[in-house]
1. What are the residues in the range 74-106 that are buried (at least 24 other Cβ atoms within 10 Å of the Cβ) and on the phi > 0 side of the Ramachandran plot, if any?
2. Working only within the range 593-613, note down all residues that are over 23 Å from Gln102 (Cβ atoms) and either in contact with a strand residue (DSSP E or B) (Cβ under 6 Å, 6 or more places away or on another chain) or within 16 Å of ligand 1 (Cβ to nearest atom) (or both).
3. In this structure, is Gly419 at pLDDT 95 or above, on the phi > 0 side of the Ramachandran plot and not assigned by TED's automatic domain parsing to the domain that holds Val368?
4. If I ask for residues that are within 30 Å of Glu281 (Cα to Cα) and under 24 Å from the mean Cα position of the chain (by Cα), which ones from the range 204-239 would you list?
5. Would you please name the residue that is farthest from ligand 1 (Cβ to nearest atom), looking only at residues in the range 655-666 that are farther than 13 Å from Phe613 by Cβ and not in a loop (DSSP other than H, G, I, E, B)?
6. So how many residues does the range 618-650 have that are aromatic (Phe, Trp, Tyr), within 28 Å of Thr551 (Cα to Cα) and more than 9 Å from ligand 2 (Cβ to nearest atom)?
7. Can you name every one of the strands (runs of 3 or more DSSP E) wholly within the range 603-650 that holds 1 or more residues which are within 32 Å of the chain's Cα centre (by Cα) and touching a residue at least 60 places away in the same chain (Cβ under 8 Å)?
Amino acid sequence: MKRSVIAAVAVVALVLGAVVGVVAARVGQGAATAGALADVAEARGLTGEEAEAALKTFVPPGEYDEYYIFSSGGHSGQVLVWGVPSMRLLKEIPVFTPDAWQGYGYGTDQGLQVLEAGSDPAKNATPVRWGDTHHPALSETEGDYDGRWLYINDRANGRIAMIDLQDFKTKQIVDIPNSSTSHGGVFVTPNTEYAHISSMTPMPWTEDGYADLKDYEDAYRGVSSWLAIDQETGRIDLERSFQIELPPYTQDLADAGKLTSYGWGFINSYNTEMAVGGDAEGGEPIETGAIANDYDFLHIINWKKAEEVVAEGNYVERNGMRVIPLDVAIEEGILYFAPEPRNPHGVDVSPTGDYIVVAGKLDPNATVYDFELIQRAIENEDFQGTDPYGVPILNFDSVVAGQVELGVGPLHTQFDDEGHAYTSLFVDSAIAEWTLGPKAGVPEGEAFKLVDKIPVHYNIGHLVTAEGDTVAPDGRYMVALNKWSIDRYPLVGTLKPQNFQLIDLESDPLRILAEVPVPNAEPHYVQMIKADKLVHRIEVYEPGTDPLTMTTSEFATLSPDDARVERHGNVVDVYMTAMRSHFTPDIVRVREGDTVNLHITNIETTPDATHGFAIPQYNVEASLDPGEVVNITFEATKTGSFAFYCSEFCSALHLEMRGWLLVEPK
Ligand code: K7E
Ligand code: CUA
């Protein structure tokens, strides 16, 4: 066994050993002595640091973690919820991809409605049933997480979803008009006025959606979408939303201005060369074409101004969206560029909103822009020219407060409460800790300096610090999200897990405390929120709730006495209840060709008294949480006798919790 594997196993063992002492101490039967702990550590072959790390991250059974991580799941299309510091995986929220356990997308109307409404037939070749989640955005009030909603994008198909943090369920997917992909251009404005999402790869803005790549510069466009949020429900309201047309660069990551820079948004771009590939047609690959320029453009957007311009009616309609054309955006002072060193990746606004940090993939530096300098340059028309589309480019030297050489492959930056920034270094497999400037409270002489560097395993993408993208970061913890995990875990086949590493921000130098494999997804951006901010969580639904609307369902059946079957022509409505350990009715008789609407209410009120409802051969699998109503619609096309059953082991007589769907031939 490799040393690393021994250590991982040993940490777990130590934790189990230590809990004996801690539990004993609680019930007053004695405490673990330092000597006893040292014996355990020695027996496990742990160093003192390893044993200490285990104690720092151990959360006793029945105790809760202090923070939650909401993690993108990459091309699993889902969101993962983790506890910190235990690094326990608490939940997988199905978002863009169906999930059988939670009955999402396997027959229940509610799940199918979300997935169907989220796949625009005018945009997609076929109904899309997966996603590539990259950037979550927790809702905010005054720039701080408020625990109401979570938005997350689908990088593959240019979509965004809303998850309600009352019940951790996906309530809405919006297929963004005029946009075919979206990478990391997701954030909420400081009061969740808007969820922003920008396109990644430009698409043809032509009548029929087609344009040859030779017409790329004229016909293709990017877009910045400002999706208005209903403050009651968290839902996206496209009618109140607007978009801003952008040049056909590759718009990448984005962040909202806050406090000082409130009212503004920032988007990175690369491939301002507008390379389109063609390596097999005598051209050069995108990879080389897209790195020719020394600078790309930081997009600086005045969304408050854009709001006014839309209110004045100065927009065009395109596929049902109000779009501010590029020339209007330029004329009205909505869009400016600042040069940013070669092929940047992350753009992150510091807690006070004063600094905008850009990390440049092919540049060893973090480049720090000062919002006040940006404003001054705009006022003074301190431009170094315009891009081919006429967008003014601010003078680089006039808007940059500092550059800090960090290492190779800087990607993403997060912040703490002491003026420090932490930037992931993909190629170096490390995190650089460095200081911001005076506007973050850092003394002049110590500003913009590299402080520490901690190696991680291996090839880090994103990183997160506790509430590290809000106006009030907590410090405390940092998690590195690593792409590769060679040698980190026992061999489980040729596809290896991803890897999270928990880092103690209170130790000097920085130290890794724990590490967990991520076996089901490839996370990109994540956010870490104090658990006690999730004040809207509910434990059980009010009886008869439709989770999609969070209101009482018109199909609720609150007592088995009200269960019934209603036939109208060849439409059959079945009002069914589920409780331990039977469905009422437990025999459903229909005829071949009928349309069957099952309305099932779980009439349990006990937390976690969940039932399933599965129909073999009909591809139906629902999960009914206590109080929940689900609707299931299908055509009875296959005759026969189908033994439906409760798929959740709910009770001693769970195996008896079943019934018959009889489909009689015509
Ligand atoms: Cu760097 Cu999509 Cu934010 Cu992956 S992204 S790492
Ligand atoms: Cu209900 Cu098993």
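1. Within the range 74-106, Gly77, Gly103 qualify.
2. Asp594, Thr595
3. yes
4. Gly222, Val223
5. Once the filter is applied, the top-ranked residue is Glu664.
6. 2
7. 611-615, 620-624, 629-635
Okay, residues lined up against (1) in contact with a Leu (Cβ under 6 Å, 6 or more places away or on another chain); (2) within 24 Å of Thr141 (Cα to Cα); (3) at pLDDT 95 or above:
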site: Gly441; (1), (2), (3): no, yes, yes
site: Glu444; (1), (2), (3): no, no, no
site: Ala447; (1), (2), (3): no, no, yes
site: Met478; (1), (2), (3): yes, yes, yes
site: Tyr489; (1), (2), (3): no, no, no
site: Gln501; (1), (2), (3): no, no, yes
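The values are calculated or read from the model by the stated rules, or taken from the named source; none is laboratory data. A quick note: this is a predicted structure, and the numbers were derived from the prediction, not measured. Reconstructed Cβ throughout: ideal geometry from the backbone, glycine too, with neighbour counts over all protein chains shown.
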